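Q: Following this message is one structure expressed as structure tokens.
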Amino acid sequence: MDAPNASSSYDTIANIIRDSHATRVVVLTGAGISTSAGIPDFRTPSTGLYAKLAHLKHLPYPEAIFSYHYFKHSPELFYAIADVRHPRNLKPTISHAFLALLAKKNLLHMVVTQNIDGLESAAGVPPEKVFACHGSWDTQRCITCKEPFPDDRMKEAITQGIVPRCLATDACDGIVKPDIVLFGEPLREGFEEKAEHKVVEADLVFVMGTSLKVHPFANLPRLACAGVPRVLINREKVGDLGNRKEDLCLLGNCDGEVRKLADALGWKKELETLWGAKTEHVEGNETDGEDYTVRLDAAIDKLAGMLDESLSISKGHKSMLERHLTEKLARLPKPPERDEK
Ligand code: CNA
């Protein structure tokens with residue numbers, strides 16, 4: 001079968017939705033859905049966070065900063081850049097608003113997101129329709145005794161770039177970590193029920209703004225039943241999307257593709273109105289423009305300085321890195337911990 005041209009793809013998807021062929025829509029999202037809100041993704045060459053971290057010569061590999069085993073040993077490195085990664089005062093994108101519109105029209109079965117920015121909820125997707133499988137910055141706890149840690153103290157620590165310590169008892173003093181899932185940690189409870197089962201039940205699956213490099217999330221699109229249309233909205237082809245005859249690939253920026261799709265559905269005005277209502281009270285993205293790039297670069301310079309210092313004062317850092325890499329290699333074949341491909 002010939003690949004449909006782009007304009008007929010929008011119409012095909014619109015027909016599937018409009019003619020009520022699809023009423024259990026599952027949307028699988030990643031960092032690309034939030035880049036236009038000003039949050040860099042991980043893997044886009046040049047603008048992604050990994051490209052920036054790759055210049056740090058004493059970091060074993062860019063993802064180490066987001067690895068639990070590395071965090072336990074060197075939490076100060078994570079907190080050196082926590083302030084620029086923390087999502088606050090951000091506007092949801094029109095792509096997030098599209099998810100809320102699907103929910104409003106009773107079509108949304110579940111959004112399964114790898115994102116930790118909370119922008120689905122900010123756009124108005126009901127909480128029971130969002131499964132953030134990598135957690136969020138909303139809460140935090142001690143990694144030793146698991147006691148929750150107060151929000152205001154956490155905010156202070158993040159702003160100042162210092163490692164928060166457990167307040168539960170004098171004896172504990174454990175490191176506090178936001179309830180985001182770092183590499184090597186178990187996923188949030190409910191992955192089977194709220195992600196895998198929902199994809200199996202879906203009659204239409206969207207995959208948006210993800211490189212599908214992180215497991216076990218990366219396997220979710222394959223769980224869609226045979227014959228169920230899978231729609232990729234991304235700048236590039238990823239995973240096995242495009243391999244089934246019912247797959248449709250809209251390659252481009254999420255927001256632009258979503259606008260075209262909304263147009264084909266006759267939802268454009270409603271979408272813009274919903275988006276406007278959810279963003280008018282947010283004054284401006286904190287991560288907008290040059291100021292954010294300057295802050296991010298400054299945080300990464302600080303990180304570089306800390307790494308240089310820790311290497312020059314401590315041979316222990318080197319042996320920790322060796323241990324960490326050995327542990328990482330030993331852990332690789334064991335899903336369902338969150339891990340790279
Ligand atoms: P990734 O590996 O960085 O991939 C992003 C994908 O989105 C790539 O394929 C890009 O080409 C594509 N992309 C980027 N911008 C756009 C855009 N505007 N329109 C269309 N496509 C775009 O990120 P993944 O989400 O796949 O990786 C999973 C990690 C990233 C998760 O564990 C997250 O916690 C982590 N992350 C989250 C956030 C966030 O919460 N906003 C930000 C950065 C990283």
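Q: Charges at C-beta only: +1 for Lys and Arg, -1 for Asp and Glu. How large is the resulting dipole of the chain about its Cα centre, in Debye rounded to 20?
A: 640 debye
Q: Still on this structure: Could you work out [θ]222 nm for the chain from helices alone, using -39500 (n - 2.57) per DSSP H run of at least four and dividing by all its residues? Round to the nearest 500 deg cm²/dmol.
A: -11500 deg cm²/dmol
Q: Go through 104/268; 194/278; 105/268; 52/278 and tell me which ones have a Cα-Cα distance over 20 Å in this structure.
A: 194/278; 52/278
Q: How large is the translational diffusion coefficient of region 1-103 in µm² per second when you combine the Kirkwood radius over alpha carbon pairs with Stokes-Einstein at 20 °C and 1.002 mPa s?
A: Answer from the Stokes-Einstein relation: 125 µm²/s.
Q: A further question follows. Regarding region 167-310, what's the average projected area of the Cα-atom convex hull, expressed in nm²?
A: Approximately 14.4 nm², given one-decimal rounding.
Q: Between residue 226 and residue 11, what is the FRET efficiency for a Förster distance of 22 Å, r being their Cβ-Cβ separation, to the nearest 0.05?
A: 0.45
Q: Can you work out ³J(HN,Hα) from phi for every residue in region 165-180, in order, using Karplus 6.51 cos²θ - 1.76 cosθ + 1.60 and θ = phi - 60°, giving whole Hz and x for Gly and Pro?
A: My calculation for region 165-180 gives 10, 3, 9, 4, 9, 4, 6, 6, 6, x, 6, 9, 10, x, 7, 9 Hz in order.
Q: Which value, in debye to the nearest 20, describes the size of the charge dipole of region 38-170 about its Cα centre when Lys and Arg Cβ atoms bear +1, Asp and Glu Cβ atoms bear -1, and nothing else is charged?
A: Its charge dipole is roughly 300 debye.
Q: Multiply the residue gap between residue 171 and residue 270 by 0.36 nm, knock off their C-alpha separation, and tell me the result in nm, one decimal place.
A: Residue separation times 0.36 nm, minus the Cα-Cα distance, leaves 30.1 nm.
Q: While we're here: Per the Cauchy relation, a quarter of the hull surface: what is the mean projected area of the convex hull of the alpha carbons in region 208-270, in nm²?
A: 4.8 nm²
Q: Also: Rounded to the nearest 5, what % of DSSP beta bridges with both residues in the chain are antiparallel?
A: 30 percent
Q: Mind checking which lysines have their C-alpha under 22 Å from residue 177, skipping anything on the same chain fewer than 8 residues away?
A: Cross-link targets: 72, 146, 155, 302, 328.
Q: Rg to Rh for the chain: what is it, with Cα atoms only and Rh by Kirkwood?
A: The Rg/Rh ratio comes out at 0.98.
Q: I've got another one for you. Out of the GluC sites (Glu not before Pro) in region 145-230, which ones are loop residues according to DSSP with at most 11 other C-beta atoms within 10 Å?
A: 189
A short reminder: the numbers here are calculations on the coordinates, not readings from a lab. Model, not experiment: these values are computed from the prediction. Neighbour counts run over all protein chains shown; Cβ positions are idealised from the backbone, glycine included.
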